[in-house]
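Student: Got a structure for you, written out below as structure tokens; questions coming shortly.
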Amino acid sequence: MDGKIVGLSIVIIVLLIVAAIGFYEYSVASGSLSSLQTQVSSLQSTVKQQNSTISALTSETSQLNSTLQNYKSQLAVAQQNATKYASLYSMYLSMFKQAESNYTMYKQMYEQLLSQVSTGGASYKEGAALNTAFKFWDGIAIESYSDVVPYLATNFTAKVTGTPFPGSYTYSSFNLTWLQSFFNGYETVYFYTTSLPTITQVNNNTYQVSTVIQYFVAPTNNPIYLQVFNASITLTIQYIQGTPLITNMIWNGNELPPSQVIAGYPSQHSLAEWTALSEVLSEINSLGAEFPGHVTAQYFSPSATLTINGVLPTGLKNGTYSGLGSIENFFNTWDNLFVFVMEYSQNLLPNGSAVPLSVNVILNSSGPGTAEVIANDTPFLLFVNQGEPGFPAIYDVHVNMVSYLMYNSTSAQWQIVKQTWNVSQVSALSDTVFYNLNTPTFNTIGEQTVLVNALQGAILKVGPVETIVKPGTYALLPNGTMESLYNFSLILLSTQAVLPPASDYNNLTPTYAFAFAINGQISPAYSLVNSTKGADPAITIVYAPNTWTSWTWFGGKFNGTTYVGGSYKFADHWIYGDGVMVNNQFFKPVIWVFEAGTTAQGQVSPASSVKLSNAYGLTPTNAYTEVINSQQGGVIVAGNIITIVQPGTVINTPIGELSNYNFSVVFYNPLNVTATATGQVPSLVFAYAINGNVTFSYTASKPFITIITTPSMGAEMWTWGPSKSSPTGYGYIFNDPILVTNGTVVNLSFIKPVPWVLTLP
């Protein structure tokens, strides 16, 4: 074998070996690759799962990051609040330590004062004793146990002689008997001392305070009967454990008429007599006007009796008519029987002269008031109606009429409870020789004349009529002269031969009249004017129902006591309240004839209620509210205050003008306010409110006319409101102008619904 073959063989062998080795390695590598592929597939699955897990974790991480940021924000706010609370804590801790220090200081001061009281301080103890006495007297007027009992020692005794409720009392019986009787028996109470109290020191801890006190009271069951208790009182005041307490009271009381206490104050009997007489005269006028039975009988109580005796026209029957229904039937028979009736409404004496009806009134503090009205001889001229028995007869009958009235406190009016007629007949028309049937005649039955200074004005009152001449009112005379000093008169007049206004013949009945006079003259040639000669009407208030009105009358002659002639000119416009009618248009001295109607002649503003809150440190105790139409105005009668909202009064507010609104008279406790700088004490605290708002930001376009019935000697009026000089932030702002006469205070300048205080010496 040659060398080439051997070499080739070796090469082939080497290649085979190499191939075998390569195949083996390939086989091994191929197996490893397959294994690796399996592992890769497994790893890919694992990676996919972990990617999914990572995605979920990434989402959770994002949420956690958001929550973490929120918590971080809240933590920052909490850290800021913690800083503020720490600051507040430090401040309150400082305030507490200061308060603790103040308490310690005040306690020491109190102990020093208590030591002064126990060991001396006579001047202090004397003043404190007097203070206790006044708080006790004031608590009785407030009618509050909590304002009386704290000033009484448990061993308190009292001896009361005279009025009211005499007897001997202990601490318990005084509270349960005397105070209870006083508080339940009287609905309105005022008091004042008639002289400075005297203080006598009995020993180091005991004082006696003596004075005379007058209490004005209105009985709950008979408020028309105003009483005045004049009480001489001695209080023994002893310091018990450092506190001045009353241990004994001696009260010696007697009753005085109000007119004796306040010069010129109208007698309660006079007021009652006017009212009782008005009731009977209205009944007689109704008989003359032939009003329906229920109208004529409205002056009787539900259980009244009417007894008729004597010679009656055919168709009327004698007997006793019991109960309102039976009395109405008798008056209906009268109305149907006669076609025309004329009556005198007065007593006619045999010589033809006329005298007023006699009136006797008894006022009782323990029961209702009673009155007796006697019409000795009232003539009626009766013309029988067609179709009735006796037609066409004419009867001339005289009725002796006696009426007994009683005051009904529930309805707040006098009512006829019993009436008797003794009837006689005279020859037909025999009375006409004595009675004026043709010439209208007005006779003076009451008059007040004052010298008016135009800068000051005046208030006049005669019977149920009151007139206010405003400051700035002059008298314009017929020659054109304007007088600043002039005599002004308010005159009440009776009427003769004054028939109803023709257009209202069947609806209105003349009752009586009143007039103004300037320098003694009743004439439209005179006028009340302002400084530029423009009309300046007086304000007239009349106590009468809203079934009344008036007509203006002039054209006659006045001789100082009697006005003869003239005629009706036009109807008058009145503003009506509860039992009150007001006129603010009369500026001529002429006559106004009152006419009684069967229906309302004007509307009273409807009552309302609004929520009232505290105002300027004052808490309301009572309120009277009416809905006011600005075009009509209104009259609000609230206790002893009459407020006139003049027609055309709108209210300007920060958000607009009010033409219809709730108007309130709001009362406050006088103890809410302090004494004035002049030393006067508050007697009456009140405010006006518009829609419940007592505020200086509202203004009326016209003043609210304010008339207050009150003890008035030395009275002052103050506006109350915000005050920087007062420790409470509220106080007296300025003194208000007022007109004052006996028993009456008038203000003509109020244009804002804010508080006012009436003060007395």
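Student: By the scheme Lys and Arg +1, Asp and Glu -1, what is the net charge of all other residues having a beta-carbon under 12 Å from that of G463?
Tutor: It works out to a net charge of -2.
Student: What number in nm² do you get for region 57-216 if you take the convex hull of its Cα atoms and divide its surface by four?
Tutor: 19.4 nm²
Student: What are the residues whose amide H is under 5 Å from the amide H of W421, where those residues sit 5 or more places off or on another chain and H is modelled from the backbone?
Tutor: T307, I308, N309
Student: Averaging sequence separations of C-alpha pairs under 8 Å and six or more residues apart, then dividing by the length of the chain, give the relative contact order as a whole percent. Could the numbers behind the result be given before it?
Tutor: On the way: 1591 pairs, mean separation 45.7, N = 761.
Computed value for the chain: 6 percent relative contact order.
Student: Determine the per residue accessible area of the chain with all protein chains present and a 1.4 angstrom probe, expressed in square angstrom.
Tutor: Accessible area per residue, the chain: 48 Å².
Student: Quick check on region 149-296: what are the equivalent-ellipsoid semi-axes from the Cα gyration tensor, as sqrt(5λ), descending, whole Å?
Tutor: On the way: eigenvalues 400, 58, 20 Å².
Square roots of five times the eigenvalues give 45, 17, 10 Å.
Student: Further question on the same structure: Sorting check: for 289-299, 594-604, 674-684, which peptide has the highest mean count of neighbouring beta carbons within 10 Å, and how do the rest follow? The partial results should precede the final answer.
Tutor: Working: 289-299: 20.3, 594-604: 17.9, 674-684: 15.2.
Peptide ranking by packing, descending: 289-299, 594-604, 674-684.
Student: Compute the distance from the alpha-carbon center of region 476-510 to that of region 285-341, in whole Å.
Tutor: Region 476-510 and region 285-341 have Cα centres spaced 33 Å from each other.
Student: Quickly estimate the mean residue ellipticity at 222 nm for the chain, helices only: each DSSP H run with n ≥ 4 gives -39500 (n - 2.57), and the total goes over all residues, rounded to 500.
Tutor: Values: 7 runs with 188 residues, N = 761.
Using -39500 (n - 2.57) per qualifying helix, the result is -9000 deg cm²/dmol.
Student: Right, something else. May I ask you to give the percent of accessible area on the chain that is carbon plus sulfur, with a probe radius of 1.4 Å?
Tutor: Ligands and nucleic acids excluded, carbon and sulfur reach 56 percent.
Student: Then there's this: Put +1 on the Cβ of every Lys and Arg and -1 on every Asp and Glu Cβ in the chain; which of S403, F291, S527 then has its Cα farthest towards the positive end of the dipole?
Tutor: Going by the charge dipole, the pick is S527.
The values are calculated or read from the model by the stated rules, or taken from the named source; none is laboratory data. Predicted, not measured: the structure shown is a model, and the values here were computed from it. We place every Cβ from the backbone using ideal geometry, glycine too, and count neighbours over all the protein chains shown. Note: areas computed on protein heavy atoms with side chains; ligands, DNA, RNA excluded. Shrake-Rupley method; radii C 1.70, N 1.55, O 1.52, S 1.80 Å.
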